[in-house]
Amino acid sequence: MTARPSWREIGGLAAAVLAVVSLLLPWTVLSADDPAVRSALAELPAEDVTRSVWRATFFGWFPPLLVAALGATVAAVGRINTARMGGLPQLWLIGACLALLAAVLGWLLADWQFGSEERAVLEAGGVTVEAGIGRYLGALAAVASVVFAALDTRALHTETRRNR
């Protein structure tokens with residue numbers, strides 16, 4: 001038996017859409033405090049100053065793809081009773097927590113997308129690697145997925161206690 005998707009599953013789908021959008025936006029941005037370095041960065045090609053998620057590490061592109069897959073799965077089969085009772089909300093929660101952990105690691109290891117020699121040159125020049133809008137939206141999607149998954153897991157617990 002299937003029913004209309006709940007607001008929690010719709011929230012999971014919204015987190016998935018946000019994760020996909022984050023994949024299309026700049027993921028890291030090079031910046032500097034020194035005006036001379038800033039003007040030199042402005043003269044470089046845009047793809048050298050702002051980087052997409054596909055030029056990042058595994059911890060860059062994995063979390064949004066996982067959130068997107070989880071959200072699509074939950075939206076597609078989230079109201080099928082056998083899937084819910086089979087542990088889909090718990091699986092969603094575990095996957096969302098894994099995506100959030102990977103997003104945090106990706107944030108901490110953001111400068112690893114550059115080689116050690118490149119990092120040394122950037123550091124010597126006063127250039128910093130900052131998060132782009134895509135990284136912020138990807139992290140927001142992971143947090144939203146965790147919240148909706150936790151609420152769905154709690155709702156399943158309430159549903160099963162009511163049926164006893």
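The values are calculated or read from the model by the stated rules, or taken from the named source; none is laboratory data. Fair warning: this is a prediction, and the values are worked out from it, not measured in the lab. Cβ sites come from the backbone with ideal geometry, for glycine too, and all protein chains shown count toward neighbours.
Applying the selection to the stretch 8-33, what residues are among the hydroxyl-bearing types (Ser, Thr, Tyr) and over 13 Å from the mean Cα position of the chain (by Cα)? Correct list: Thr28, Ser31. Looking across the stretch 39-74, the residues that are more than 13 Å from the chain's Cα centre (by Cα) and touching a residue at least 60 places away in the same chain (Cβ under 8 Å) come down to Leu41, Thr50, Arg51, Ser52, Val74. If you go through the stretch 89-109 one residue at a time, do you hit one that is under 19 Å from Pro26 (Cβ atoms), in contact with a Pro (Cβ under 8 Å, 6 or more places away or on another chain), assigned to a helix (DSSP H, G or I) and not charged (D, E, K, R)? Yes, the stretch 89-109 contains a residue that is under 19 Å from Pro26 (Cβ atoms), in contact with a Pro (Cβ under 8 Å, 6 or more places away or on another chain), assigned to a helix (DSSP H, G or I) and not charged (D, E, K, R).
Of all residue pairs spaced 6 or more apart or on separate chains, those with beta-carbon atoms under 9 Å, a first member in the stretch 108-125 that is touching a residue at least 60 places away in the same chain (Cβ under 8 Å) and a second member that is of a type in the set (A, V, I, L, M) and part of a helix (DSSP H, G or I) are Gly125/Val37; Gly125/Ala40.
Within the stretch 133-159, the set of residues being among the β-branched types (Val, Ile, Thr), under 27 Å from Val29 (Cβ atoms) and crowded, with 17+ Cβ neighbours inside 10 Å comprises Val146 only. Arg79 falls short on exactly one of the conditions (1) buried (at least 16 other Cβ atoms within 10 Å of the Cβ); (2) in contact (Cβ under 8 Å) with a residue 24 or more places away in the chain; (3) out of contact with any Gly (no Cβ under 6 Å at 6 or more places or on another chain); (4) not in a loop (DSSP other than H, G, I, E, B), and that condition is (4). Tell me which of these Val74 doesn't satisfy, since it passes every other one: (1) crowded, with 19+ Cβ neighbours inside 10 Å; (2) at pLDDT below 85; (3) of a type in the set (Val, Ile, Thr). So Val74 meets the others, but not (2).
The single condition among (1) outside any loop (DSSP other than H, G, I, E, B); (2) touching a residue at least 12 places away in the same chain (Cβ under 8 Å); (3) more than 22 Å from the chain's Cα centre (by Cα) that Ala36 does not meet is (2).
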